Each structure stands twice: as structure tokens, then as C-alpha cells.
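Notes for the one structure printed next.
The values are calculated or read from the model by the stated rules, or taken from the named source; none is laboratory data. In this text the structure is predicted, and so the values were computed from the model without any measurement. Backbone-built Cβ (ideal geometry, glycine too); neighbour counts: all protein chains shown. For the accessible areas, the whole protein counts, side chains as well, though only heavy atoms, and no ligand, DNA or RNA atoms are used. Shrake-Rupley method; radii C 1.70, N 1.55, O 1.52, S 1.80 Å.
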Amino acid sequence: MAGVDIRNLRKQFGDLCAVDGVNLSIREGEFLVLLGPSGCGKTTLLRMIAGLERPTGGEIHIAGERVDGDVPPRARGIAMVFQSYALYPHRTVFQNIAFPLEASRLPRTQIAEKVQRAADMFGISRYLDRYPRQLSGGERQRVALCRALVRDPKVFLLDEPLANLDAKLRNTARDELKRFQRQIRTTTVLVTHDQVEAMGLGDRIAIMDRGKVRQVGTPEEVYEDPVDTFVATFVGQPPMNLLDLGDPALPPRTLLGFRPEHFLPRSVFQPDEDVRAFRFSVRRVEYLGSDRYVYGSISDGAATDTTVIAKLPATIALAIPEGEQQEFAVPRRALRYFDAATGSSRKI
């Protein structure tokens, strides 16, 4: 195992600053997820750790050794799995997994042992004589991970490895990937734009936007206590509601935030429960099986109606007629506050 330290890392492509002064410490054995929208710099950051892109400035340390200079990818102790899996179509599964070991000129018996052990771990021993075209997407993903595993890397770098799988298979593959990482305890960095994937896999999540890391924390920390309005609206489905109500009880230019699942009919709460109540004009109700999304607007104290979303579990068997006003509320402990000018969180 090895930790990864990134210090003031930058990458410039002409006038575009793809990675802008990133500082990040990845612990030994940690599963860290780089999460952000397309173009935020997360893949460029991963490629710099791998040695596939040369930084414009800053430092990268793996296991205490600085590697951002002339240290080639093969000497960094990393293994990378790409979105496309990059398997050789003319080679069998055994030959694909064995390829990095053959390049290192290991004895054949040692290669066979390592390949068999990795294949057993991922449950693909029966596929060793097949070719990639004979495998499903999930099986090809396991082959790519096996090929990375046999190298005994210090760090795994995963670039959207689940993106090509369908939704059902992605859930299964996510579980397998997490169990695998816990078993071998190799430091792992995964890039994704999928927040569900990030929340389900990461010990911690580093959320990026426009080349910068906005917040690093556990899934619970970034969801419950976002540091700014970008994190608040990027993490969570539906995103956090943000209201500018001009509330005289709050400092000027304060945004009020709350998660849709905390915005419920007032009748759900106990009469003496400490809540912030709102008059909610219901526009549309969307039935999604286990949940209902209720779309509407709040005009309490605002110059114009503010669109908000409520997420109601199916267990709340209340009629929510469209086109009517309802009294909804949020527990005060679930309210979050942000500076309207900077977007930064505030403690009230």
C-alpha cells in the first residue's frame, strides 16, 4: 500500500487551466473518488498521477517518492483501468491478464499462479480460454481489473470503469468493486461523474469544479454539510433546494437550503417539533415507485416564486393534489445556510 500526496498541482492547456492548484492527500488503503461534471479536470488529475500527462506545476508523491518529474508510468507502482477496458481482442482472457507479467519477463509458472489467483478472486476462472468478444461488459470489466491486480500495484487508478455497463449490471459491479478493494486494501482512486457511484464506493469523495477541489469528505459529510452551493446542488438527486427569502431573521443576502427528502407535509411532523413551515403551491407530482417527487413553488417572503422539489417516500400515504396550496415544513436541524454572493456555507 502507498499514500498519494498532491501538492499545488496545475495543468495548463494553452489558455485553459484544467487543474488549478489542487492539494490532496490520499491515505494508504483508501478508496478515494474524484467526482465532478465533465470538463472539471478530474481525468486530467488522474492522468497526471499515472504519468500520462506532465504537470505544468506542483508535485506528486507516491509512497513518499516524488514522481511528477521524469518517473515513467511503469516505474510509479500504479495500475490503471480505463473506461474502454483496453483489452486485446486477439488474446484470450488468460493472455490479457498475463500480458503485464510477460512484459516483466516473469517465469511461466509464476505467471500462471498469479493469473489463476486473480481470476479466482474475481470469479472468472472458467473464462480464461475465452476471447473478449465472448464476454459480457461486466465480465470484460473483471478481466481489466484482474490485469491490473496481477501487477501488485501500490495504487489503482480507475477512469470511469463502470460507465459502459447497464444500470442493473452497474449496481452489481459496484458492489464487487468495493468488496474487492476492501479485500486487497490497495490505495484506489476512481474518477466518475456519477454521484451515486461516488457515494456508494468512496471512503472519501473529492468534488471538483473548473479545475479546483471544492470539498473533500466522507459521503455523509459532503451530502449533509456541503461547503458551498455548487456541492449542495451537484451532490444529491434531486439537488438541494436553495431559497432567497429575504428573511429578516437572517443576515442579508443569505440563501436557505434544504434537501428534498426533508421537505414534507406539516402533518407528518409532531405538533411540538421545531420546524420551518412554508406555503407550498403544488404544480406537479411525479410517481417513481418508492418515492414521489412533488414540484412546486414557495413565495414566502420572496420577490418572486421560488421553485422547489419535495421527495416523499411512498410510506407517506397522503393525497397531494396538483394545483393546490399545501403547508409543508423542514426540521430546523436540516436547514443549511449559504452566502448568496460567494456561495460559501454559513453557520447561523
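Selection within the stretch 221-248: residues that are assigned to a loop (DSSP other than H, G, I, E, B) and open to solvent by less than 50 Å² (accessible area, probe 1.4 Å). The member of this set that is nearest to F280 (Cα to Cα) is L245. Every test in (1) at pLDDT 90 or above; (2) farther than 30 Å from Q134 by Cα; (3) assigned to a loop (DSSP other than H, G, I, E, B) is passed by R10 save one, and that test is (3). Of the residues making up the stretch 296-326, just one is at pLDDT 85 or above, open to solvent by 60 Å² or more (accessible area, probe 1.4 Å) and under 20 Å from L255 (Cα atoms), namely T307.
Residue count for the stretch 194-220 satisfying the condition of being acidic (D, E), touching a strand residue (DSSP E or B) at 6+ places or on another chain (Cβ under 8 Å) and not in a loop (DSSP other than H, G, I, E, B): 1. If the condition is being surrounded by fewer than 19 Cβ atoms within 10 Å (Cβ to Cβ) and either part of a strand (DSSP E or B) or over 27 Å from the mean Cα position of the chain (by Cα) (or both), then the stretch 327-340 contributes E327, P331, R332, Y337, D339.
Tell me which of these R27 doesn't satisfy, since it passes every other one: (1) in contact (Cβ under 8 Å) with a residue 24 or more places away in the chain; (2) open to solvent by 30 Å² or more (accessible area, probe 1.4 Å); (3) more than 19 Å from the chain's Cα centre (by Cα); (4) closer than 28 Å to V231 by Cα. In the conditions (1) in contact (Cβ under 8 Å) with a residue 24 or more places away in the chain; (2) open to solvent by 30 Å² or more (accessible area, probe 1.4 Å); (3) more than 19 Å from the chain's Cα centre (by Cα); (4) closer than 28 Å to V231 by Cα, R27 misses (3) alone.
Against the criterion of being at pLDDT below 90, buried (at least 20 other Cβ atoms within 10 Å of the Cβ) and not in a helix (DSSP H, G or I), A18 does not qualify. Checking each residue in the stretch 250-268 for being surrounded by fewer than 18 Cβ atoms within 10 Å (Cβ to Cβ) and over 16 Å from A329 (Cβ atoms) picks out L250, P251, P252, R253. Of E261, E273, E286, all but one fail to be of a type outside the set (G, A, S) and more than 27 Å from F230 (Cα to Cα); the exception is E273. Taking residues in the stretch 53-66 that are under 18 Å from T186 (Cβ atoms), and partners anywhere that are of a type in the set (K, R) and open to solvent by 50 Å² or more (accessible area, probe 1.4 Å), the pairs with Cβ atoms closer than 6 Å and at least 6 places apart or on different chains are A63/K154.
Condition check ((1) more than 23 Å from K168 (Cα to Cα); (2) out of contact with any Lys or Arg (no Cβ under 9 Å at 6 or more places or on another chain); (3) not aromatic (F, W, Y)) across all residues:
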| site | (1), (2), (3) |
| --- | --- |
| T109 | yes, yes, yes |
| Q116 | yes, yes, yes |
| F122 | no, no, no |
| D129 | yes, yes, yes |
| E139 | no, no, yes |
| R142 | no, yes, yes |
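For I78, the criteria (1) open to solvent by 20 Å² or more (accessible area, probe 1.4 Å); (2) at pLDDT 90 or above; (3) hydrophobic (A, V, I, L, M, F, W, C) hold in every case but one, which is (1).
Do we have P251 as in contact with a strand residue (DSSP E or B) (Cβ under 8 Å, 6 or more places away or on another chain), within 30 Å of V191 (Cβ to Cβ) and in a loop (DSSP other than H, G, I, E, B) here? Answer is no for this residue.
Quick grid of which residues meet (1) surrounded by 22 or more Cβ atoms within 10 Å (Cβ to Cβ); (2) of a type in the set (F, W, Y); (3) within 16 Å of L201 (Cβ to Cβ); (4) without any contact (Cβ under 8 Å) to a residue 24 or more places away in the chain:
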residue	(1), (2), (3), (4)
F122	no, yes, no, no
S125	no, no, no, yes
D129	no, no, no, no
E139	no, no, no, yes
R151	no, no, no, no
F156	yes, yes, yes, no
N164	no, no, no, no
K168	no, no, no, yes
